[in-house]
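K.L.:
After the structure tokens below, expect a handful of questions from me.
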Amino acid sequence: MSAAPVDDLQSVVRGGAERGGAGDRVFRTIAISAGVLILATLAGVALFLVVKSVPALTADSTDVPGGEGLVKFIWPLVFGTIVAATIAVVVAVPLAVSVALFISHIAPRRIAQPMSYVIDLLAAIPSVIYGLWGIAVLGPHSVGLLRWLEDNLGFIPFFKGPASATGRTMIIAGLVLAIMILPIITAVTRSVFEQTPRRLQEGALALGATRWETIRLTVLPFGRSAIISASMLGLGRALGETMAVAIVLSVSGGVTFNLIGSANPSTIAANIALDFPESSGVAVNALILSGLVLFAVTLLVNMAARTVINRQVRI
């Protein structure tokens, strides 16, 4: 073999490596810049919240909304936020996973495709529409169920009543939030379920497993981290939802575990949206402080979810 073709080949390889190196450097620079920008934005938001919250921390307790101090002001809001988001996740996650499994592994394609479009379309509906539907349709039609819960399960603190006559309760707000986060959880889990290696499923079927056993032994373990990730995405949406909760919930400001009564704690996001336009002075700083608490809660939830996901990946 002559030296000329070898030299040509080496020059081509060398040129490709140089071009690839330049491309890699550009891509790496863009990726690092994007990551730094996200962290800087997050730090900027946190810094803004902290700076604007300082006047509320140093103010007299009588100047804080409610006149009983920051703890009495923020704790019911934190409690209401956690309760509403918990109801939403408890209801939405099993339903979303079931829908995702039905679309990806059970339903015929002529049914699965339109159904996936409908589920995705739910994510495009504005939250105010969900709120109006909750207060005009779901709430009034749930009054009978709320009274049944009071009569038959009133010994449980969650249903001790008296049942609301309008349906504007914490449990209805949680159900509305569950419907709102359902498309997010379904879309993420469905996309991962569909990527389950075919050889694993065919191997389980070849060993005599039923369809449900195949799903339980191959699809669900493969998509476990996706279920956790999707659940945390839905939880983040539920924690920060504003208008739907503000419209549906009948707020009293107290802390109560009664989910079917008309006296309910508000959520942080809904309280900020309702009170911020008419607030001034320390009241504004107190609302911003409550936003900082919501920011911290959301951050902790996401960090906990990431820890669980990393542990699942290692296992």
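K.L.:
Just subtract the alpha-carbon distance of Leu205 and Lys72 from 0.36 nm times their residue separation and send over the number in nm, one decimal.
P.N.:
42.1 nm
K.L.:
For Ser262, list long-range residues whose amide hydrogen, built 1.01 Å from N in the peptide plane, is under 5 Å from its own amide hydrogen.
P.N.:
Ser164
K.L.:
Let me ask something else. What does the helix-only formula give at 222 nm for the chain: each DSSP H stretch with n ≥ 4 adding -39500 (n - 2.57), the total divided by the residues, and the result rounded to the nearest 500 deg cm²/dmol?
P.N.:
Numbers: 12 runs with 221 residues, N = 315.
Counting only the DSSP helices, I get -24000 deg cm²/dmol.
K.L.:
Moving to a separate point now. Return the inverse of the average 1/r over all pairs of distinct C-alpha atoms in the stretch 219-292, which is the Kirkwood hydrodynamic radius, in Å to one decimal.
P.N.:
Working: mean 1/r = 0.0689 Å⁻¹.
Result for the stretch 219-292 stands at 14.5 Å.
K.L.:
Compute the acute angle (0 to 90°) between the alpha-carbon long axis of helix 224-240 and the principal axis of greatest extent of the alpha-carbon atoms of the chain; round to the nearest 10°.
P.N.:
Taking the Cα atoms of the chain, the angle to 224-240 is about 40 degrees.
K.L.:
Further question: Spelling out what I want: for every residue of the stretch 244-260, take phi, set θ = phi - 60°, compute 6.51 cos²θ - 1.76 cosθ + 1.60 (Karplus), and round to whole Hz; glycine and proline get x.
P.N.:
4, 5, 4, 6, 7, 7, 8, 9, 10, x, x, 9, 8, 8, 6, 8, 10
K.L.:
Which angle between 0 and 90 degrees, to the nearest 10, do you get for helix 282-314 versus the longest principal axis of the chain when only C-alpha atoms count?
P.N.:
40
K.L.:
Additional query: Helix 109-122 versus the longest principal axis of the chain: what is the Cα-based angle in degrees, 0 to 90, to the nearest 10?
P.N.:
Relative to the chain, helix 109-122 is tipped by roughly 50 degrees.
K.L.:
Output ³J(HN,Hα) for the stretch 207-213: one whole-Hz value per residue in order, computed from phi by the Karplus curve 6.51 cos²θ - 1.76 cosθ + 1.60 with θ = phi - 60°, and x for Gly and Pro.
P.N.:
Going residue by residue, I get 7, x, 6, 6, 4, 5, 5 Hz, with x marking Gly and Pro.
K.L.:
Moving on. So, in nm, how far is label Glu194 from label Val54 when the simple model puts each one 7 Å beyond its Cα toward the Cβ?
P.N.:
Roughly 5.1 nm, to one decimal.
K.L.:
Could you work out the pair-distance distribution P(r) of the stretch 60-200 from its alpha-carbon pairs, with 5 angstrom bin width and percents rounded to whole numbers?
P.N.:
2, 9, 13, 15, 15, 13, 12, 9, 5, 3, 2, 1, 0, 0
K.L.:
Right, next: Determine the dipole magnitude for the stretch 129-279: charges of +1 sit on the beta-carbon of Lys and Arg, -1 on that of Asp and Glu, nothing else is charged, the reference point is the Cα centre, and the result goes in debye to the nearest 20.
P.N.:
Magnitude of the dipole: close to 500 debye.
K.L.:
I need to check one value: relative contact order of the chain, counting alpha carbon pairs closer than 8 Å and at least 6 residues apart, in percent.
P.N.:
Relative contact order for the chain comes out at 27 percent.
K.L.:
Quick one: if the Förster radius is 30 Å, what FRET efficiency do Phe158 and Leu132 give, using the C-beta to C-beta distance and rounding to 0.05?
P.N.:
Step by step, r from the Cβ atoms, then E = 0.70.
K.L.:
Provide Rg over Rh for the stretch 80-134; use the alpha carbon set for both Rg and the Kirkwood Rh (inverse mean inverse pair distance).
P.N.:
Numbers: Rg = 13.8 Å, Rh = 13.0 Å.
With Rh from the inverse mean 1/r over Cα pairs, Rg/Rh is 1.07.
K.L.:
Calculate one ³J(HN,Hα) per residue across the stretch 128-143 by plugging θ = phi - 60° into the Karplus curve 6.51 cos²θ - 1.76 cosθ + 1.60, and present them in order as whole Hz with x for glycine and proline.
P.N.:
5, 5, 4, x, 5, 5, x, 7, 9, 10, 5, x, x, 6, 9, 4
K.L.:
Over 34 Å, how big is the tail of the calculated P(r) for the chain, in percent of all Cα pairs? Please list the in-between numbers first.
P.N.:
Working: 20716 of 49455 pairs.
Summing the P(r) of the chain above 34 Å gives 42 percent of all pairs.
Each value in this text was obtained by applying a stated rule to the coordinates, not by laboratory testing. None of the values given here were measured: they were computed from a predicted structure. Cβ coordinates were reconstructed from backbone atoms using ideal geometry, including for glycine residues, and neighbour counts include every protein chain displayed.
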